Structures are given as structure tokens and as C-alpha cells.
Amino acid sequence: MGMSQKIAITGGLLADPALDAPTPGALLIEGDSILASGAVEIPSDAQVIDAAGLTVAPGLVDLGVFRTDKPAFHFGGITRAALMPDQTLPLDNVGLIREATRHGKPDFWVHPLAAATRGLEGKEMAEMGLMQAAGAKAVATGRQWIADSGVMWRVLSYASSLGLTVITHAEDSGLAGKAVATSGETATRLGLASAPACAEAMAIARDIALLRETGGAIHFRLVTTKAGFDLVRTAKAEKLAVTCGVSPAYFMLADNAVTDYRTFARLSPPLRSEEDRQATIAAIADGTVDVITSSHDPRGPEDKRLPFADAEPGVAGAETLLALSLNLVREGHLSVTALMRLLSANPAQILGIKAGGFTPGSAADIIFVDRDAPWIVDSGKMAAAAGNTPFDKMPVQGRVRRVMKGGVFY
């Protein structure tokens, strides 16, 4: 189709993140951008797509994945993902950033996150400005907390001057060390090396204290404890530019999920107590949480079929992100439009990209969702590079029926 071709999506329910509730209406697209949404007049020359019975939503923007895994992203309705710098070669130079931005196009866009420090070692600042010019949309500390407060102060200061958000891991490494579980009854019973949950709050408190001095913006990629959410709430009340995310495992599972040494439930940070799981749901419902991410990290048997302490953390989360998050809508914690803010609009805003919503000029990245379609998660049949999910054989609801990227169906 030509770039001037107009497409009208009609008959569906629009899950516009800018609205309080989904509404009937049409979506008008020209080329790779959205022209209008809602009660729009359909041009006579537009190609009409009937979305009857489906929810029409912005493509998901997944903030912080560890691998580009297009089959899994397409299945899950993810049209853009921010790639963590933790790659075989850490994303700490211009060439690697430039290469990452090209990977996946045209049917999927990767937004690489620049490593905050050389080699992700937490010692020497990487060339953020040059990487930004090459396409990096934010700066990230990777899976590690930067223990040296002087280095973190410089990272926040420089990122602030560039207008880049710093995406950080929130675990005090002095406490977390080589721990693989959260201190508590389950870790004790299994004999696992554990760290107190306060390792998270201590890391968050330090980084917020530095942000007060440097200005700029910080995003805590995964917050998983009541104490952590309380600190984020306080910072937001101060009008500091602080945001935070969670992934479905932390609102669906507690630390007892690792019973029987289930390595598919070995995550970083580790699963928390049932009280913290409930606090995560409350923080999503009250708006403290800004982003839900899949933290997609497919790991094969060579990484997972090992003794628990030796297994690599991570979950293949892209395919289940939407279906598991829709539980929050069914349970009354969020409206579907509020959920789309967490899955699409807010991550796009943090990355500074024109996507994740239906405002005129936004990228025409659209998913057609059958919110009630039942299916069963099956680790042996996943589209992902590996099927390491703690949700194997769980019945879920919500399937993406069609994906449009930049005005083109794939």
C-alpha cells in the first residue's frame, strides 16, 4: 500500500490510554501514523478494517528486555522493546547501539538502552552522549546496582544534562551479594543463600537521595517490596522525576513458588513474601507503579536445569505479559485503559518516543485483542527462544489476534 493510504479501524472498543475507560469508536491511520481516534468521520477512500468483538489497543512497549525475540513479541502484542545493555557484548559503545537499533525492523523496533558504565562494571562512566546520538533512548545500570555512590552521582548528573532517564536495578549489592532468594521461611527451609528484602529499599533510598542533588529522572526497573513502593510514593509526592516498574511474576507469585527448587521461579530480584506481593498489587492499583514489563529473558536448559543456586535468573515473559496483566482488570484493580498506560503509554514516555497511544502523530502500532479468549500457557510450545516460565500449564485469558506495526499488518 502507498504511504498516503488511509486505514480506518472500526467496530472495536478503543483502549485509549488517555481515557478513563474503553470506548466504542474508530481509529484513522495514514501511512505510519495515527490521524485521529474516537468519533471520527471515515473518508470515502479509506480502507476499512472491522474490529468487531475486539479491543483495539496501542502496541505494547516493553521497557527492559534481555533478548530480541520477535516470534514471542509478535505473539504477545509487543511492537517495541527497550533492550537492556546486558548482552554478550555490553551495549557501552556507539557501534553496538547503532547495530541494536537496526535489529528487528520493520515489523518490530528495538530501542537500545545505553550501559551507564563501561562493561557494566559500575566503575567508569560510558560515553552516554555519543550513544544517545546513535539511538539510545535511556541509560541503564543493567542487572547490577552501581555500588559506588560517586559513580552513580556522576551517571545521574550527566544523564540529566542529556535529558536521559537512568533505569536502575534496585538491590544493595553489599546485602544481596550472591543471594538467590529472599530471607524468610522458604529460603531457610530450602537452605538457599538469601538476602533481606530491605536490600531493595536501601538501594532505592540511596538513589533517590542522589537524584535530589543531581536533578534528572530515574526509573527503578523492578520494585517488588512494600518498603520500596513507600519510598517511591514519597519521592513522587516531592515531585521528583521517579518512576518504577514491575513484572507479572511479582504480583502473581510469592517466594513459596521456589519450593521444590523450581528454577523457572528463580528471578532477579528474587520473589518476595506474600505481604510484598499484595503490596505490589496495591501499588499498581493506586498509581505508584508506572510500568509493567515482561523482563523477557529466555533461558534454555543449559541455564535453568541446574541446582537452584547455579541456575541463571530470568523468565520468558513476552508471550504472557498481556494475558497475566489482564488479571488486574478482571480483578477490578485497573481499567483496561489504565492497564494500557502501564504497558504502552508510560514506557513510551520514559523512552521519549511517539508511540504507545492514540494521539494524532503517534506511531500506528496497533494490536487487536480478544480479551476473553482462553488459552493455556505451555512452556513446551512457546514461540520464545526458550520456554522458561513459572506459569507453565496455567489457564489464562486474552489473546492478540492481529498486530499492526507502522500502519502495516504482520
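Nothing in this text is a laboratory measurement; each read-out follows from the coordinates by a stated rule. Computed from a predicted structure; not experimentally measured. Note: ideal-geometry Cβ built from the backbone for every residue, glycine included; neighbour counts use all protein chains shown.
Which residue, 313, 257, 283, has the largest displacement toward the positive end of the dipole of segment 227-323 when charges sit on each Cβ (Lys, Arg +1; Asp, Glu -1)?
Value computed over the given set: 283.
From the backbone phi of segment 91-104, what are the Karplus-calculated ³J(HN,Hα) couplings (6.51 cos²θ - 1.76 cosθ + 1.60, θ = phi - 60°) in whole Hz, Gly and Pro given as x?
Listing the rounded values in order: 6, 10, 8, 4, x, 5, 5, 4, 5, 5, 5, 7, 6, x Hz.
Could you tell me the center-to-center distance, by alpha carbons, between segment 207-259 and segment 1-79 in angstrom?
Using only Cα atoms to place each centre, the spacing works out to 30 Å.
What GluC sites (Glu not before Pro) does segment 164-241 have in DSSP loop regions with at most 13 other beta carbons within 10 Å?
238
Can you compute 3J(HN,Hα) from phi for each residue in segment 372-380, using the Karplus curve 6.51 cos²θ - 1.76 cosθ + 1.60 with θ = phi - 60°, rounded to whole Hz and x for Gly and Pro?
9, 5, x, 7, 10, 5, 9, 4, x
With 22 Å as the limit, write out which pairs from 137/405; 123/178; 236/405; 123/239; 105/381; 137/381 have Cα-Cα distances beyond it, or answer none.
Over 22 Å apart, Cα to Cα: 236/405; 123/239; 105/381; 137/381.
Give, rounded to the nearest 20 debye, the magnitude of the charge dipole that segment 44-164 has about its Cα centre when Lys and Arg contribute +1 at Cβ and Asp and Glu contribute -1 at Cβ.
In total the dipole reaches around 180 debye.
Seen from all sides and averaged, what is the projected area of the convex hull of the Cα atoms in segment 185-316, in nm²?
8.1 nm²
Can you tell me the alpha carbon radius of gyration of segment 22-148 divided by the globular rule-of-thumb value 2.2 N^0.38 Å?
Relative to the rule-of-thumb radius for its length, segment 22-148 sits at 1.36.
Once you've got the GNM for the chain with C-alpha springs shorter than 10 Å, pick whichever of 121, 312, 41 has the biggest mean-square fluctuation.
Greatest mean-square fluctuation among the candidates belongs to 41.
What relative contact order, as a whole-number percentage, does the chain give when Cα pairs under 8 Å and 6 or more residues apart are counted?
Over the chain, the number comes to 20 percent.
Determine ³J(HN,Hα), in whole Hz, for all residues of segment 223-240 in sequence, where each value follows from phi through the Karplus function 6.51 cos²θ - 1.76 cosθ + 1.60 and θ = phi - 60°; x replaces Gly and Pro.
10, 9, 10, 4, 4, x, 5, 4, 5, 5, 4, 4, 5, 5, 5, 7, 6, 6
Express as a percent, rounded to the nearest 5, the fraction of DSSP beta bridges in the chain (both residues included) that run antiparallel.
45 percent
Along the positive direction of the dipole of the chain (beta-carbon charges: Lys, Arg +1; Asp, Glu -1; about the Cα centre), which of 8, 147, 56 reaches farthest?
The listed residue farthest towards the positive side: 8.
Can you pull out the trypsin sites (Lys or Arg not before Pro) in segment 161-210 whose DSSP state is coil and whose Cβ has at most 15 other Cβ atoms within 10 Å?
178
About its Cα centre, how strong a charge dipole does the chain have in debye, to the nearest 20, once Lys and Arg get +1 and Asp and Glu get -1 at the Cβ?
Values: 38 positive and 44 negative charges, 63 e Å.
Charge dipole of the chain: 300 debye, to the nearest 20.
Amide H of residue 48: which non-local residues (sequence gap of 5 or more, or other chain) have their own amide H closer than 5 Å, using H built in the peptide plane?
Under 5 Å from the amide H of residue 48: 8.
For n ≥ 4 DSSP H runs only, could you compute -39500 (n - 2.57) per run for the chain, divide by its residues and tell me the 222 nm figure to the nearest 500?
-8000 deg cm²/dmol
Can you give me the distance in nm between label points at residue 42 and residue 227, each placed 7 Å from the Cα along the Cα-to-Cβ direction?
If labels sit at residue 42 and residue 227, their model points lie 5.7 nm apart.
Treating the chain as a set of equal point scatterers at the Cα positions, no solvent, please give the Debye-formula log₁₀ I(q)/I(0) at q = 0.09, 0.11, 0.12 Å⁻¹.
Reported log10 I(q)/I(0), two decimals: -0.51, -0.77, -0.93.
At a threshold of 8 angstrom on Cα-Cα distance, excluding pairs fewer than six apart, so keeping six or more, what relative contact order does segment 266-353 reach in percent?
33 percent
For residue 240, what is the net charge nearby, where nearby means another residue's Cβ is under 12 Å from its Cβ and Lys, Arg count +1, Asp, Glu -1?
Cβ neighbours under 12 Å give a net charge of +1.
Nearest 20 debye, what's the magnitude of the dipole of segment 228-295 about its Cα centre given +1 on Lys and Arg Cβ and -1 on Asp and Glu Cβ?
The dipole of segment 228-295 has a size of about 180 debye.
How big is D, in µm² s⁻¹, for segment 264-339 by Stokes-Einstein at 37 °C and 0.692 mPa s if Rh is the Kirkwood radius over C-alpha pairs? Kindly include the intermediate steps, with their values, before the conclusion.
Details: Rh = 14.0 Å.
This corresponds to a translational diffusion coefficient of 235 µm²/s.
Show the residues, 5+ positions off or on another chain, whose built amide H is closer than 5 Å to the amide H of residue 167.
Answer set, sorted by chain and number: 139, 140, 141, 219.
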